[in-house]
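The values are calculated or read from the model by the stated rules, or taken from the named source; none is laboratory data. Fair warning: this is a prediction, and the values are worked out from it, not measured in the lab. Please note: Cβ atoms are built from the backbone with ideal geometry, for glycine as well, and neighbour counts cover all protein chains shown. Protein only, heavy atoms only, side chains kept; ligands, DNA and RNA dropped before computing areas. Shrake-Rupley method; radii C 1.70, N 1.55, O 1.52, S 1.80 Å.
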Amino acid sequence: MRCEVLLYDGFDELDALAPWEVLSDIGRARDDVEVALVTLDGDAPVRASHGAVITPHRALSEHVDLLVVPGGGWNDRSRSGAWSEVERGIIPKAIRARHEDGALVASVCTGAMLLAAAGLLTGRPAITHHVAIDDLKAAGAKVVHARVVDDGDVVTAGGVTSGLDLALHLVERHWGAPLALAAERELEYERRGTVWRADRSLSPA
């Protein structure tokens, strides 16, 4: 399973690196899981919202099984970050193309706004950072007030630290509860909040 975390200038460090650490641990435990930090521009370094400079592994693959999209720079309308990338439109197009190719697309925090710009959330249950909820509604999503919202081929998570819960949920979904529990123990982290799933009889708020 090819898993990639998509970076861009202004992304939030924890949004991206928390899920990446969880998934990369799974990649070390299983031969059938490959995990990478990627950008649209190959291995050129990117500067995150809190100043970290990250060198990605490679460019975003044409075919990917799981694509994780972090947020960052949306709530303050930063000149770099999710807001700027929605304005540019290039990343939303890339996200949509991978989704149409069959990728499961997941977002952390205001990464959901990039998914919305890609047309993936119209009429669908989703969540984002609490400050951006009105923007998510305006983009056509049906906001569900949960920590993680699993709508099958699109999974969204709330603000910042929920990236850990998102990644652990995906581990359990794809590889089972024992491996997810082992990952929790390794991190010394206990999952929190509600996971809303489309196969449960719960209604979006």
* Structure fact -> Magnitude of the Cβ-charge dipole (Lys and Arg +1, Asp and Glu -1) of the chain about the Cα centre, nearest 20 debye, reported as 540 debye
* **Probe 1.4 Å, accessible area per residue of the chain, Å²** => 44 Å²
* To do: List the pair-distance distribution P(r) of the range 135-205, using every Cα-Cα distance, as the percent of pairs falling in each 5 Å bin from 0 up to the bin containing the longest distance, rounded to whole percents.
  => 3, 15, 26, 25, 17, 8, 4, 1
* Asked: How big is the C-alpha Rg of the range 68-143 next to the rule-of-thumb value 2.2 N^0.38 Å, as a ratio?
  -> 0.98
* Asked: So what is the calculated 222 nm ellipticity per residue for the chain, using -39500 (n - 2.57) for each DSSP H run with n of 4 or more, over all residues, to the nearest 500 deg cm²/dmol?
  -> -10500 deg cm²/dmol
* Let me see the pair-distance distribution of the range 19-166: every alpha carbon pair, 5 Å bin width, integer percents in order. => 2, 10, 19, 25, 23, 14, 6, 1, 0
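D for the range 81-188, whole µm²/s, Stokes-Einstein with Kirkwood Rh over alpha-carbon pairs at 4 °C and 1.567 mPa s: what number?
For the chosen part, D equals 92 µm²/s.
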* Asked: With Cβ to Cβ distances under 9 Å as the rule, what net charge do the other residues near ARG147 carry (K, R +1; D, E -1)?
  -> +1
* To do: At most 13 other Cβ atoms within 10 Å plus a DSSP loop assignment makes a site exposed; report the longest stretch of the chain without any exposed trypsin sites (Lys or Arg not before Pro).
  => 80-191
* To do: Taking the dipole about the Cα centre of the chain, with the C-beta of Lys and Arg at +1 and of Asp and Glu at -1, give me whichever of GLY159, ALA139, GLY111 is farthest to the positive side.
  => ALA139
* To do: Find the all-direction average of the projected area of the Cα convex hull for the range 103-149, expressing the result in square nanometres with one decimal place.
  => 2.8 nm²
* To do: Report the Stokes-Einstein translational diffusion coefficient (µm² s⁻¹, integer) for the range 1-83, Rh taken as the Kirkwood radius over Cα pairs, at 10 °C with viscosity 1.306 mPa s.
  => 124 µm²/s
* Of the beta bridges DSSP finds with both residues in the chain, what % are antiparallel, to the nearest 5? -> 20 percent
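Which is the longest run of the chain containing none of the GluC sites (Glu not before Pro) found in DSSP loop states (not H, G, I, E, B) with at most 16 other C-beta atoms within 10 Å?
63-187
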